[in-house]
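The values are calculated or read from the model by the stated rules, or taken from the named source; none is laboratory data. Keep in mind the model is a prediction, meaning the values are calculated, not measured. Positions of Cβ are backbone-derived with ideal geometry, glycine not excepted, and every protein chain shown enters the neighbour counts. The protein model used for the area step is the full one, side chains on, heavy atoms only, and it has no ligands, DNA or RNA in it. Shrake-Rupley method; radii C 1.70, N 1.55, O 1.52, S 1.80 Å.
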Amino acid sequence: MTAHLIRGPLDASTTPRYTEPSTFARLPRLDEVPSAAVKIIGIPFDSGVSYRPGARFGPGHIRASSKLLRPYNPALDVAPFDVQQVADAGDIAVNPFDIVEALATVEHAATDLTSDGARLLTLGGDHTLALPLLRAVHKERGKIAVLHFDAHLDTWDTYFGAPFTHGTPFRRASEEGLIDMERSMHVGIRGPLYGKADLEADGVLGFQIVRSDDYQFDGVRSIIERIHRRMAGGPVYLSIDIDVLDPAHAPGTGTPEAGGMTSRELLNTLRGLVGLDIVGADIVEVAPAYDHAEITGIAAAHVGYELLSVLAANRVS
Ligand SMILES: N=C(N)NCCCC(=O)O
Ligand SMILES: [Zn+2]
Ligand SMILES: [Zn+2]
């Protein structure tokens with residue numbers, strides 16, 4: 001795509017940032033551009049949660065909190081909206097009363113949206129969504145490494161006997177053979193478990209774990225190195241549960257756990273992913289009812305911005 005065809009965000013000096021309707025980072029809507037290399041899609045779904053509901057309002061909140069983002073990212077020396085067309089594809093309407101139907105709707109929508117080779121950045125929604133998104137990516141790319149940022153393992157088996165919940169997507173995805181288990185990892189794990197067996201079962205599936213505490217003891221650089229050692233050399237799907245952040249940095253979420261990483265640690269880790277073949281990503285579990293002063297929304301918006309910057313930096317290099 002040649003540079004002069006690319007449309008970027010609205011200019012804040014001529015169109016105020018708070019004009020509606022909202023798109024992520026005030027980008028154009030998908031129907032306003034001929035095509036897009038990266039599509040942002042909202043999925044207002046939270047029927048899979050085990051505790052506080054409300055992540056169905058995440059997409060709108062993240063978009064509203066993304067208005068202050070600016071076009072140039074000095075940390076990566078890249079203008080993420082200049083080197084690739086990014087567009088907001090709006091929200092997918094999913095059935096809140098039938099999870100199996102909702103998962104099918106998401107899988108088909110994701111497949112459609114990526115049929116032209118575009119990459120998807122999904123705004124959730126609860127973590128159940130990672131399963132249909134991985135199903136869609138797997139159809140295109142085969143087994144995929146998962147880089148999962150979360151306080152929680154999300155490899156539990158069932159809740160109340162239900163297999164499709166926000167605590168079980170990576171168990172289902174590994175059972176379905178969607179994940180390259182030799183190259184996958186959880187980052188940011190912490191907090192109480194149901195038992196030691198949770199960790200053992202997760203290890204049997206094959207995930208490697210970077211604990212939240214490793215940020216304190218080892219630091220961001222060494223964690224970035226671990227990620228590259230584990231994941232380089234093939235496609236990577238990135239799933240970011242905003243509760244990977246400490247509740248001080250992301251109070252607006254459904255299952256908060258103390259002792260999490262700072263937003264600075266997360267943003268710096270994401271910047272370190274340049275060079276990995278990231279084929280899709282989601283940001284989930286933003287529940288605005290528990291947010292204050294857009295703390296969580298802004299963190300999620302910046303996470304999305306860094307991801308778009310990594311995709312842009314990969315394209316430039
Ligand atoms: N995926 C998120 N955010 N949470 C999973 C926690 C499941 C539980 O209640 O044990
Ligand atoms: Zn979580
Ligand atoms: Zn999760």
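Among the residues here, residue 191 qualifies as open to solvent by 10 Å² or more (accessible area, probe 1.4 Å) and within 14 Å of ligand 3 (Cβ to nearest atom). Candidates in segment 261-317 are the residues that are among the basic types (Lys, Arg) and touching a residue at least 12 places away in the same chain (Cβ under 8 Å); of these, the one that is least open to solvent (accessible area, probe 1.4 Å) is 271.
Restricting attention to segment 132-189 and to residues that are hydroxyl-bearing (Ser, Thr, Tyr) and away from ligand 2 (no atom under 16 Å from the Cβ), the residue that is nearest to residue 235 (Cα to Cα) turns out to be 184. Applying the set (1) away from ligand 1 (no atom under 12 Å from the Cβ); (2) touching a helix residue (DSSP H, G or I) at 6+ places or on another chain (Cβ under 9 Å); (3) open to solvent by less than 50 Å² (accessible area, probe 1.4 Å) to residue 176 leaves exactly one unmet item: (3). As for segment 234-253, it holds at least one residue that is farther than 22 Å from residue 302 by Cβ and either away from ligand 1 (no atom under 16 Å from the Cβ) or among the aromatic types (Phe, Trp, Tyr) (or both). Looking only at segment 10-63, residues that are open to solvent by 10 Å² or more (accessible area, probe 1.4 Å) and touching a Gly at 6+ places or on another chain (Cβ under 6 Å) come to 5 in all. Here residue 66 meets the list (1) under 19 Å from the mean Cα position of the chain (by Cα); (2) of a type in the set (Gly, Ala, Ser); (3) open to solvent by 50 Å² or more (accessible area, probe 1.4 Å) almost entirely, failing just condition (3). The set of residues from segment 154-167 being open to solvent by less than 10 Å² (accessible area, probe 1.4 Å) and touching a residue at least 60 places away in the same chain (Cβ under 8 Å) comprises 154, 167. Across segment 203-260, the number of residues qualifying as open to solvent by less than 40 Å² (accessible area, probe 1.4 Å), touching a Lys or Arg at 6+ places or on another chain (Cβ under 9 Å) and part of a strand (DSSP E or B) comes to 4. Within segment 141-153, the presence of at least one residue that is open to solvent by 10 Å² or more (accessible area, probe 1.4 Å) and more than 21 Å from residue 208 (Cα to Cα) is confirmed.
Filter segment 1-36 down to residues that are out of contact with any Lys or Arg (no Cβ under 7 Å at 6 or more places or on another chain) and over 18 Å from residue 91 (Cβ atoms), then give me how many there are.
17
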